[in-house]
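Below is one structure, written out as structure tokens, with a few remarks after it.
Any read-out appearing in this document is the output of simple, stated calculations on the displayed coordinates, not a laboratory observation. Since the model is a prediction, treat every value here as computed from it, not as a measurement. All Cβ positions, glycine included, derive from the backbone under ideal geometry; neighbour counts span all protein chains shown.
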Amino acid sequence: MAEKSSGSIVYGSKVAVPAIRLSQVRPFSTSGPAMDDSGYHFDTHRFVEKLESEGFTRQQSETIMNALDEVITESMNNLTKNMVTKADQDKTVYTYKVDFAALKSELQMLEKNDFSLTNTNNERLVSEIEKLRQRLREEIGRTQAG
């Protein structure tokens, strides 16, 4: 539970450190543009004014705002440190597409070679069967003649 004591906020036995005074509005946003009235825009000046209207001093309000800003910044850094850029993602997708195209081409070539080999084997077997038929006819002819 927080208590107000002589211009500082006290949490248990810890006292919040005073912050540097704000001289301008500092909007917070992730690397994209700030959004209007969408709930994704962190207006630090308005946040400090809201805290002051709730009874905090200017120094306390700025300290809370700075702490919140640090937490949000650290959280965003933790979230984004393992993310890739759009350019890296596009490069990877392009590489995958090229690899899949090469694989498809290779598979088609292997299929064509297998088909050709199967046709060759089939023609060889048909030729051997025809030779065996011819030989069988000759044998039957010899046995009937002799």
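Arranged from highest to lowest average of other beta-carbon atoms within 10 Å per residue, in what order do the peptides 42-49, 89-96 appear?
42-49, 89-96
Excluding same-chain residues fewer than 8 positions from K131, which aspartates and glutamates have a Cα within less than 15 Å of its Cα?
Leaving aside aspartates and glutamates fewer than 8 places away in the same chain, those within reach of K131 are E123, E139.
What does the charge count around D99 come to, taking other residues whose C-beta lies under 14 Å from its C-beta (Lys +1, Arg +1, Asp -1, Glu -1)?
My count for the surroundings of D99 gives +2.
Would you calculate the separation in nanometres between label points at R46 and Q134, each defined as 7 Å from the Cα along the Cα-to-beta-carbon direction?
Taking the two extended label points, one gets 9.6 nm.
What is the extension gain from Q89 to S105, computed as 0.36 nm multiplied by their sequence separation minus the C-alpha to C-alpha distance, in nm to one decimal?
Length gained between Q89 and S105: 3.3 nm.
Need one number: nm distance between label points at K97 and R58, each 7 Å from Cα along Cα→Cβ, rounded to one decimal.
Each label point is offset 7 Å from its Cα along the Cβ direction, giving 5.7 nm.
Starting from the Cα-Cα distance between T118 and D69, subtract it from 0.36 nm times their residue separation and give me the gain in nm to one decimal. Mind dumping the intermediate values first?
Working: separation 49, 0.36 × 49 = 17.64 nm, distance 7.05 nm.
Length gained, T118 through D69: 10.6 nm.
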